[in-house]
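K.L.:
First the structure, then my questions, so here it is.
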Amino acid sequence: GTKKWATKGMTNREGERWSLDSSGMERVDSLGRVDMGDDSTFTDFLQYGFANYPADRYGLVLWDHGAGASDGVCYDEISGNSLNMAEIFSALNTASKASNYHKFSFVGFDACLMANYEMALHLQPFADYMIASEETEPGDGWDYTSWLPILVKDSSAKMEKVGKAIVDGFITSVN
């Protein structure tokens, strides 16, 4: 949902699926124009992930501009839509009906203003932990190098350790 990507190789104004591994990023699929602020797009993303990337546990990070529970997250620059709390719940609820679904270890918001009680209540049926900021975040957001290596080394690492690394990495990167 962006007019112009900063990452070389990504197609502007279109949705794409990419995989990431030790050799780098690779485009898996091109979806054409999709509205990233629409719950059906989010539902499709979740269902695709469960169907194509089976795992013992899942984490979910919603990244981009956040504007709180009512105004949402994942702002689409082209449509002007965002995923609000009800749409996030709806997409998670629909995706949870899949036979290969299991509760997320965590849902994280690498976005401003998304940590609030209402959002935590809406996520409770779908995630063991919510990681989010109740304040604004700097443009760079989370420091993924502070926590992804933990999961690469040990995919069964305790969520408390991973969550602490996410928060500590974020605090270190903004100071």
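The values are calculated or read from the model by the stated rules, or taken from the named source; none is laboratory data. All values derive from a computational prediction rather than experimental measurement. No Cβ is skipped: glycine too gets one built from the backbone with ideal geometry, and neighbour counts run over all protein chains shown. Surface areas here come from the heavy atoms of the whole protein model, side chains and all, with no ligands, DNA or RNA. Shrake-Rupley method; radii C 1.70, N 1.55, O 1.52, S 1.80 Å.
K.L.:
Return the residue satisfying two criteria in turn: it lies in segment 124-149 and is assigned to a loop (DSSP other than H, G, I, E, B) and of a type in the set (D, E, K, R), and of such residues it is surrounded by the fewest Cβ atoms within 10 Å (Cβ to Cβ).
P.N.:
Per the stated criteria, the residue is GLU135.
K.L.:
Now for a different question. Quick test of your reading of the structure: SER79 fulfils all but one of (1) of a type in the set (Gly, Ala, Ser); (2) under 21 Å from ILE131 (Cβ atoms); (3) open to solvent by 20 Å² or more (accessible area, probe 1.4 Å). Name the failing condition by number.
P.N.:
(2)
K.L.:
For segment 150-175, name all the residues that are out of contact with any helix residue (DSSP H, G or I) (no Cβ under 9 Å at 6 or more places or on another chain), open to solvent by 70 Å² or more (accessible area, probe 1.4 Å) and either part of a helix (DSSP H, G or I) or under 23 Å from GLY66 (Cα atoms) (or both).
P.N.:
Matches in segment 150-175: VAL152, LYS153, GLU160, LYS164, ILE171, ASN175.
K.L.:
Assuming ALA98 fulfils every condition listed in (1) closer than 22 Å to GLY49 by Cα; (2) in contact with a helix residue (DSSP H, G or I) (Cβ under 9 Å, 6 or more places away or on another chain); (3) at pLDDT 90 or above; (4) of a type in the set (A, V, I, L, M) apart from one, which condition is it?
P.N.:
Going through the list (1) closer than 22 Å to GLY49 by Cα; (2) in contact with a helix residue (DSSP H, G or I) (Cβ under 9 Å, 6 or more places away or on another chain); (3) at pLDDT 90 or above; (4) of a type in the set (A, V, I, L, M), ALA98 breaks only (3).
K.L.:
Residues to consider are ASP29, ASP21; find the one that is more than 18 Å from the chain's Cα centre (by Cα) and within 26 Å of SER105 (Cβ to Cβ).
P.N.:
Going through ASP29, ASP21 in turn, just one is more than 18 Å from the chain's Cα centre (by Cα) and within 26 Å of SER105 (Cβ to Cβ): ASP29.
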